[in-house]
Amino acid sequence: MKKRKNSRYVIRFILFIVAYAAIMVYIRLDNPQAVRLHFLRQWREAYLVRVPHQPESYVRMTPTLSPRHFETTSEATGYGMLLLVLGQRQHAPNVRRDFDRLYRYYLANQIPGSTLMQWRQSNWHSQPADSRTSASDGDVLIAHALLLASRVWDEPHYREASLKLQADILKYEVNPTTHLLTVGNWAKPKTRYYQLLRTSDVIPYAFDAFYHASKRPVWRQIGRDMMARLATLSRQNRDGLIPDFAWATRKGTFPVVGKTVATAYDGAYYYNACRIPLNLAGYSSKSARAINLKLLNFFKKARYIGAGYHLSGKAIHRYQSASFDAPIFLAVSKLPTAAKSAHSVLFTREQYIFSGHLPINNYYDATLTIMALLFQTGEQNY
């Protein structure tokens, strides 16, 4: 009886491996566009939700859908707008319609007196206490998505909206002394948070796009200075692990301690810093390549990538998360041929995230997975 049971497990395992291999061959060799469309359709069905009685949509971040109690953020709105406009190049149906619904949601949730977006919305029926608080990463993603939309759909009003948002980012979310993005408009001068850097805010593609659209040299300076801070953090430990948050003053750059902002792992490579390989993948600067290569060399030596790491290299969680794996997959896929070959074990190993359906109850895993797929086409700035 035991032998028969073991045989069933062996057969199931073999069938799983065969199915997995077939999917991998399909992704890599057969029709990558069909795979992107398949995952994009799943994401839209699971996470894009119509606002009741309004011509708007929002990106669901909660595990379950409830029209009376929900949560979404400017970050989610920005990623949603970005992946929809990138989906246009994959010929996905009705993406312009859905983009405009998210765009109207952004307009309906701007901070009074500015074009910045309120960082969080959590209840239909009352104005949240943080309705005047912004998050810089969300505003950058929205402004970038609007610029791309103005090009792909040849609509000047998207460009104008982006330029206005860029101007407010410079006005309310930049420290003019360090030339770095602050974490949001709540990080006021003369407070310690004015010197706080969220490392996932280093998005060089967006800063380049803002410079070319606005012709304001400050965006180039912001891009250079933020990349320099990231490179400093990368050099501070042998594995190149970068923390979620760091103090960035005129005197230096160093990781924060836990619970400075959000979690006990604020000073670790965690659910913000995990986006760094995605933000830098394929970007044409020596510094960006060096930062990503150092990270890839560390992860290549591990049996698998855990969900978070202390800067010492010790894993925080042993389980895997697509939020960490998808950016690594993209970073490897964007390497030059010789370097990609040297990291082929990572490229193969991280493809497990495409072996089934997108998760329907984990917005972050699902979103970074689809962003990695769409960024593979190299159209972050088309």
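Every number here is computed from the coordinates shown, using simple stated rules; none is lab data. The model shown is predicted, which means the values in this text are computed figures rather than measured ones. Note: ideal-geometry Cβ built from the backbone for every residue, glycine included; neighbour counts use all protein chains shown.
Quick look at the numbers
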{"read-out": "Under 20 Å from the Cα of K215 - lysines, other chains or at least 8 residues apart", "value": "K164, K171"}
{"read-out": "Part-to-part distance (alpha-carbon centres) for the range 359-375 and the range 74-102, which is given in Å", "value": "14"}
{"read-out": "Compactness of the range 238-277 as Cα Rg over 2.2 N^0.38 Å, two decimals", "value": "1.13"}
{"read-out": "Kirkwood Rh in Å, taken over the range 35-172 so that all alpha-carbon pairs contribute", "value": "15.1"}
{"read-out": "Formal net charge of residues neighbouring A187 (Cβ-Cβ distance under 12 Å; K, R +1; D, E -1)", "value": "+2"}
{"read-out": "Taking only Cα atoms of the range 197-264, radius of gyration then Dmax in Å", "value": "13.4, 40"}
{"read-out": "Ordering of 161-170, 104-113 by packing [mean C-beta count within 10 Å, highest first]", "value": "161-170, 104-113"}
{"read-out": "The range 247-359 shape via C-alpha gyration tensor axes, a/c threshold 1.5", "value": "oblate"}
{"read-out": "Chymotrypsin sites (Phe, Trp or Tyr not before Pro) within the range 47-102: DSSP coil, no more than 13 neighbouring Cβ in 10 Å", "value": "none"}
{"read-out": "The range 142-222 pair-distance distribution - Cα-Cα, 5 Å bins, rounded %", "value": "3, 16, 26, 23, 16, 10, 4, 2, 0"}
{"read-out": "Within the chain: Cβ-based charge dipole about Cα centre, in debye rounded to nearest 20 (Lys, Arg +1; Asp, Glu -1)", "value": "1340"}
{"read-out": "Estimated 222 nm signal from helices in the chain, with DSSP H stretches of n ≥ 4 weighted -39500 (n - 2.57), rounded to 500", "value": "-16000 deg cm²/dmol"}
{"read-out": "Kyte-Doolittle mean at least -0.5 and Cα axial length at least 27 Å: DSSP H helices in the chain", "value": "2-25"}
{"read-out": "Rg/Rg_globular for the chain, with Rg_globular taken as 2.2 N^0.38 Å and Rg from C-alpha atoms", "value": "0.99"}
{"read-out": "Long-range Cα-Cα pairs in the range 97-243 (distance over 23 Å), rounded percent", "value": "39"}
